[in-house]
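The structure appears below as structure tokens.
The values are calculated or read from the model by the stated rules, or taken from the named source; none is laboratory data. Since the structure is predicted, the reported quantities are computational estimates derived from the model, not experimental observations. No Cβ is skipped: glycine too gets one built from the backbone with ideal geometry, and neighbour counts run over all protein chains shown.
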Amino acid sequence: MNVLQAGLRTLNTLPVDQAEEQLAACCAAPAWVARMAAGRPYADVQELLSASDRVIQELGPDDLSEALAAHPRIGQRVGGSSTEATWSRQEQSGMADADAEVRAALREGNVAYEERFDQVFLIRAAGRSPAEMLTELRRRLRNDPATEQREVAEQLRQITRLRLERSLQS
């Protein structure tokens with residue numbers, strides 16, 4: 001049995017409150033956490049990931065707002081020792097390579113995005129350079145609100161999948 005499958009077996013057998021705690025580190029939307037915990041047991045990791053994708057696509061605007069509230073701005077150093085804070089620092093570790101110009105542009109872009117969409121700019125930072133994230137931020141600033149909500153849900157889906165896999169390895 002591989003590490004992910006062993007982690008899934010553990011998740012499947014945890015008491016509900018402990019499973020919800022593990023899941024909440026992956027996505028802070030209470031509706032997602034509740035539905036994912038209630039969907040146990042999952043036969044395999046792919047079933048878990050597919051269920052997560054489906055539940056995220058079904059989240060409403062309020063649910064997405066709750067999920068976004070747990071995410072820092074891109075380039076903002078997250079404090080704390082929670083699992084989510086640790087993962088966020090790891091996901092944004094590429095920001096260490098950003099020069100002052102890119103950091104300043106990301107700060108300005110974050111403010112412009114928040115003014116336009118009234119929410120934090122969410123992007124899967126893992127595997128992306130600071131310049132790539134800045135390019136995406138600038139592109140998404142041109143989105144209409146409905147298009148942006150779909151993009152936010154997609155980014156949340158990607159982040160949540162990565163975190164689910166990571167949570168199974170813990």
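A few notes on this one:
- Within the stretch 13-39, tally of residues that are without any contact (Cβ under 8 Å) to a residue 24 or more places away in the chain, surrounded by 17 or more Cβ atoms within 10 Å (Cβ to Cβ) and outside any helix (DSSP H, G or I): 0
- Residues in the stretch 99-132 that are assigned to a loop (DSSP other than H, G, I, E, B) and surrounded by 15 or more Cβ atoms within 10 Å (Cβ to Cβ): Gln119, Val120, Phe121, Leu122, Ile123, Arg124, Ala125, Ala126, Arg128.
- The set of residues in the stretch 113-170 being among the aliphatic types (A, V, I, L, M), in contact (Cβ under 8 Å) with a residue 40 or more places away in the chain and under 22 Å from Pro61 (Cβ atoms) consists of Val120, Leu122, Ile123, Leu137, Val152, Ala153, Leu156, Ile159.
- The stretch 40-61, residues that are hydrophobic (A, V, I, L, M, F, W, C) and either surrounded by fewer than 16 Cβ atoms within 10 Å (Cβ to Cβ) or in contact (Cβ under 8 Å) with a residue 60 or more places away in the chain (or both): Ala43, Val45, Leu48, Leu49, Ile56, Leu59
- Any chance Arg9 is surrounded by fewer than 16 Cβ atoms within 10 Å (Cβ to Cβ), under 23 Å from Thr147 (Cβ atoms) and at pLDDT 95 or above: no
- Conditions (1) at positive phi; (2) at pLDDT 75 or above: number failed by Ala67: (1)
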